[in-house]
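Here is the structure we will look at, set down as C-alpha cells.
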Amino acid sequence: MLRDFSLPSAIRNPQFFDAHCDTVMRVFDGGLDFVAGQGRAHIDLPRLLAAGHGVQLFAIFAPKSQYPDQDLRAFADDIIATIKGWIAASGERMRLVTAASHIHELCASEGVVGALLGMEGADPLEGRADNLAHFHQLGLRSLIPAWSDNAFSGTSMGSGGPLTEEGAELIEFAEALRVMIDVSHLSDAAFEQVRQMTRRPFVASHSNCREICPSPRNLTDAQIRALAVRGGVMGINLSADFLAPDYMVLWDAIAGPAYADARRTSDPVEKRRIRDETRAKLVQIPLPPAEWIARHVRHAIDVGGEDCIGLGGDLDGITTMPVGITGAESYPAIAELLSEAGLSDGQVEKVCWRNMARVYADALG
C-alpha cells in the first residue's frame, strides 16, 4: 500500500527530486566551488536553484577498491563535513534533510535545495553493521551496502554474490534506524535478499531497465515489479552506457580493459592516469539521443506502474550523457522530453519528484 504524499498548498513548478549524484567527490578531485558555481562539475548550487531542484541526494563515496590507502571512516566524515560546509556557506539556500517534515517543507519553499546524505558502498563501516549509527548521527539517511564487493555484499559488476551475514545485519539495522536501503550496484542475489528481508519500501536510486539496455547494473522486469509491489522507486540513470545498448557495447570495449588495469594497481597516480586516458577515448563515441531516457521511463511504467519511477541521474559519477543533457540545468528539458513522449502532466510530476518525495518521506518518518 502506497502512503499518500499529501502536498503543501504552494508547490513550485518545475520541481525535481534527484536520488543520486557524486558531486562532492569533485571537491576532492580539486577545482570545484559548489556554492559559487565555479569549477568543472555537472552540479552546483546556482544550477540546482535555477533549474528548480527541490531535493538532491549527495553520495558519500569511499569504497576500499578506489581508496585502498585511506582511513575510510575518517574520509567519509570529511565528505559529510564538506557537504555541511556547503550548507553553512549557502546563505540559507540549502538545508540538510533528515526527516519527512523537511521534504514537505521543501516542496513549498522557493530558492532552497534540500541535501540528503547517502552512502554509496558501506566500506567506511569497517565491516560492522553497528557502525552505521555513527553516520546516522551525522545525518546519513540512505545506504547502498556495496559499490564493489565488500564485507556486506556482492555486486552486479563484481562477484554477483549475495549479502553476507553481516550484510543481512546491516539491512536490519538500517531499517531500524529509518535509513533508506538502496539496491543500486547490488547483485541480483542480494536484491532478492533485500526484497525478502525488508518491511518498508526500498529504492534503486540510479538504475535503468535491463530489458532495454542489458547492463547488469540495470533492473530486470521482475525486479522492477518487485520494487513496485513494495512501494519502492527506481531512479533513471543518465549515463549513456546504461541507456542505449549499442552505445553500451562500444563503451564496454574501451572501459572494460581499462577498469581491469585500474583494479590491478593501488597507485593513485596510475589510477588517475588510466581514468583520464579512458575518459578521453570514451568521449569520442557518438552519443545516443536523449529519447532513450523516455524509453526507459515508459518501460518502467509499463512494467511497474507510474508510481515506481523517478530520477537518479548519477551526475558527476558518470562520464557521458545523451545528446543535449549536460547537467542539473538539463532537468527541465527532461521533463519536456517525457511530456513529448506521451506522459501526462501528472505522470511527469511523479517521475520528476513526487515518487521519490513519497518514498523518502515514508522512510524518514
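Put +1 on the Cβ of each Lys and Arg and -1 on the Cβ of each Asp and Glu in segment 214-347; which of ALA335, PRO216, GLY235 then has its Cα farthest toward the positive end of the dipole?
PRO216
Taking a quarter of the surface of the Cα convex hull of the chain, what do you get in nm²?
Orientation-averaged projected area of the Cα hull: 15.8 nm².
Out of every Cα-Cα pair in segment 36-124, what percent are more than 20 Å apart?
41 percent
Would you kindly give the portion of the calculated P(r) for segment 101-246 that falls above 21 Å, as a percent of all Cα pairs?
More than 21 Å apart: 43 percent of the Cα pairs in segment 101-246.
Just the projected area, averaged over all directions, of the convex hull on the alpha carbon atoms of segment 255-309: how many nm²?
Projected area, direction-averaged: 5.8 nm².
Roughly what % of Cα-Cα distances in segment 1-154 sit above 27 Å, to the whole percent?
For segment 1-154, the share of Cα pairs beyond 27 Å comes to 26 percent.
Taking the Cα centre of the chain as the origin, how large is its charge dipole in debye, to the nearest 20, when only Lys and Arg (+1) and Asp and Glu (-1) carry charge on their Cβ atoms?
Approximately 260 debye in magnitude.
Using only C-alpha positions, report the orientation-averaged shadow area of the convex hull of segment 193-242, nm², one decimal.
3.3 nm²
In debye, nearest 20: dipole of segment 19-138 around its Cα centre with unit charges on the Cβ of K, R (+) and D, E (-)?
I would put it at about 220 debye.
Can you tell which of GLY310, GLY37, GLY139 shows the greatest fluctuation in a Gaussian network model of the chain with Cα springs below 10 Å?
GLY37
Given springs between every Cα pair under 10 Å in a Gaussian network model of the chain, which of CYS213, CYS21, CYS308 has the largest fluctuation?
Most flexible of the set in this elastic network: CYS213.
In terms of the ratio Rg/(2.2 N^0.38 Å) built on C-alpha atoms, what value belongs to segment 217-365?
For segment 217-365, the normalised Cα radius of gyration is 1.16.
Less than 25 Å apart at the alpha-carbon level, and either on another chain or at least 8 residues along: which lysines does that give for LYS64?
Counting by Cα, and skipping residues close in sequence, LYS64 has these lysines nearby: LYS84, LYS271.
Using the alpha carbons of segment 171-285, what is the convex hull volume per residue in cubic angstrom, as a whole number?
About 123 Å³ per residue, rounded to a whole number.
I'd like the Kirkwood hydrodynamic radius of segment 319-365, using the inverse of the mean 1/r over distinct C-alpha pairs, in Å.
The Cα-based Kirkwood calculation yields 12.0 Å.
Report the one residue of MET94, PHE75, SER142 whose Cα lies farthest in the direction of the positive end of the charge dipole of segment 25-160 (charges on C-beta: Lys and Arg +1, Asp and Glu -1; origin at the Cα centre).
Farthest towards the positive pole: MET94.
At 7 Å along the Cα-to-beta-carbon direction for both GLN38 and SER344, put a label point, then send me their distance in nm to one decimal.
Modelled inter-label distance: 4.8 nm.
Just order 186-195, 147-156 by mean Cβ neighbour count inside 10 Å, highest at the front, would you?
147-156, 186-195
Suppose every K and R has +1 on its Cβ and every D and E has -1 on its Cβ; what is the size of the dipole of segment 122-262 about the Cα centre, in Debye to the nearest 20?
I would put it at about 620 debye.
Here, each number is a calculation from the coordinates, and none is a lab measurement. This structure is a prediction, so every number in the text was calculated from the model and none was measured. Quick reminder, even Gly has a Cβ in these numbers, built from the backbone with ideal geometry, and neighbours come from all protein chains shown.
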